[in-house]
Amino acid sequence: MKVQMRRYTLKEGAREPFQKVFLETIVPLRQALGFQVLGAYWLSEREFLWFVGHEDFEEAERAYYEHPERQKVRPQELLEAMDTRFVERLL
């Protein structure tokens, strides 16, 4: 499985609206498309880290962003910065 780490710095005051869209739209949609959400963590009031995996990550990612439910929400508007990278499992 290919795993991606996604680290976000949220805009001031965006924690609650971000958490709502993450839990109500992003996670269920990712799971419906075969992704595994491997963990999600608040690092601070404005820093969020999560890990998501899929066997065919690139194709599933394309389907995710093209999905009508995903296009209804704009979580990127709540973000100040984003760092995404694929990670390799050690343990």
Checklist outcome for this item: Taking segment 42-51 and keeping only residues that are buried (at least 16 other Cβ atoms within 10 Å of the Cβ) and touching a Lys or Arg at 6+ places or on another chain (Cβ under 6 Å), one is left with Trp50
Next on the checklist: Checking Arg30 against (1) of a type in the set (D, E, K, R); (2) part of a helix (DSSP H, G or I); (3) open to solvent by 90 Å² or more (accessible area, probe 1.4 Å), only one condition comes out false. Which one?
Outcome noted: (3)
Next on the checklist: Cβ contacts < 9 Å: first residue part of a helix (DSSP H, G or I), restricted to segment 67-84; second residue open to solvent by 80 Å² or more (accessible area, probe 1.4 Å) and not aromatic (Phe, Trp, Tyr), any location; separation 6+ or different chain. Result?
Outcome noted: Glu69/Ala32; Gln76/Met82; Glu77/Lys11; Leu78/Lys11
Checklist outcome for this item: Apart from one, (1) at positive phi; (2) open to solvent by 30 Å² or more (accessible area, probe 1.4 Å); (3) in a strand (DSSP E or B) all hold for Gly39; the odd one out is (2)
Checklist outcome for this item: A careful count of residues in segment 35-76 that are within 15 Å of Arg7 (Cα to Cα) and not β-branched (Val, Ile, Thr) gives 17
Checklist outcome for this item: When Arg15 is run through (1) surrounded by 13 or more Cβ atoms within 10 Å (Cβ to Cβ); (2) under 11 Å from the mean Cα position of the chain (by Cα), the failure sits at (2)
Checklist entry - Taking segment 17-64 as the region of interest, how many residues are small (Gly, Ala, Ser) and touching a residue at least 24 places away in the same chain (Cβ under 8 Å)? => result 4
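The values are calculated or read from the model by the stated rules, or taken from the named source; none is laboratory data. Small disclaimer: the values here were computed from a predicted structure and weren't measured. Backbone-built Cβ (ideal geometry, glycine too); neighbour counts: all protein chains shown. Remember, those area values only see protein heavy atoms, side chains included, never the ligands or the DNA or RNA. Shrake-Rupley method; radii C 1.70, N 1.55, O 1.52, S 1.80 Å.
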